[in-house]
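The values are calculated or read from the model by the stated rules, or taken from the named source; none is laboratory data. In this text, all values refer to a predicted model and were calculated from it rather than measured experimentally. Heads up, the Cβs are rebuilt from the backbone with ideal geometry, glycines too, and the neighbour counts pull from every protein chain shown. Note: accessible area is taken over every heavy atom of the protein model, side chains too, but ligands, DNA and RNA are not part of it. Shrake-Rupley method; radii C 1.70, N 1.55, O 1.52, S 1.80 Å.
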Amino acid sequence: MRYYAVLDTNVLVSAMLKTGSVPGQVAAEALYGDIIPILNEEIITEYEEVLHRPKFRFDKNAVKVLMDELKKRAVYSDYGLIDDEIPDPKDVVFYAVLMEKRKEEEAYLVTGNIKHFPMRTYVVTPREMLDIIEEGR
């Protein structure tokens, strides 16, 4: 089964910091497994900006490979206005893209910062996303 999902940047950062972690498993599902990433240009820009921050010291080639693979597997979506209030303006794009995709398909937003988004069944932690995938197998 395939699951459409917007991955919050913190999931990718955590995945890069520790590949065997739960976020690392979610990233692997997005690269090679059951998750089809949902992207747009703003999300790509955010990913690249954060993953290239000097404080993380991520290998530039590893970031390039991650981004290239995500872009290949992804579906792209624009977004419209949303009714829900999102506390951090930088997070609006993630939720808005999710809500646009949800007009046509079931989709999830996977984040390590649940409190930054409205409480909805489709806003899930990395562990919850892995559980959803496992239940569908």
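General remarks:
- Solvent-accessible area, 1.4 Å probe, carbon plus sulfur percent, for the range 1-48: 54 percent
- Within the accessible area of the range 64-137, the carbon and sulfur atoms contribute 49%, probe 1.4 Å, all protein chains present.
- The range 76-137, relative contact order in percent, only Cα pairs under 8 angstrom and at least six apart counted: 28 percent
- For the range 1-67, applying the loop criterion from DSSP together with a ceiling of 14 other beta carbons within 10 Å to the trypsin sites (Lys or Arg not before Pro) yields 2, 18, 57.
- Among beta bridges that DSSP assigns inside the chain, antiparallel share in %, nearest 5: 0 percent
- 222 nm mean residue ellipticity, helices alone, for the chain (DSSP H n ≥ 4; -39,500 (n - 2.57); rounded to 500): -14500 deg cm²/dmol
- Where the chain is the region considered: accessible area per residue in Å², 1.4 Å probe: 55 Å²
- Remark: C-alpha extents of the range 48-103 on the principal axes read 39, 26, 11 Å, sorted largest to smallest.
- Its relative contact order, with pairs defined as Cα atoms under 8 Å and 6+ residues apart, puts the chain at 32 percent.
- Neighbours of residue 93, meaning other residues whose beta-carbon lies under 10 angstrom from its beta-carbon, give a summed charge of -3 when Lys and Arg score +1 and Asp and Glu score -1.
- Residue-wise HN-Hα couplings along the range 61-70, as the Karplus relation 6.51 cos²θ - 1.76 cosθ + 1.60 with θ = phi - 60° gives them from phi, are 5, 5, 5, 4, 4, 4, 5, 4, 5, 4 Hz; Gly and Pro carry x.
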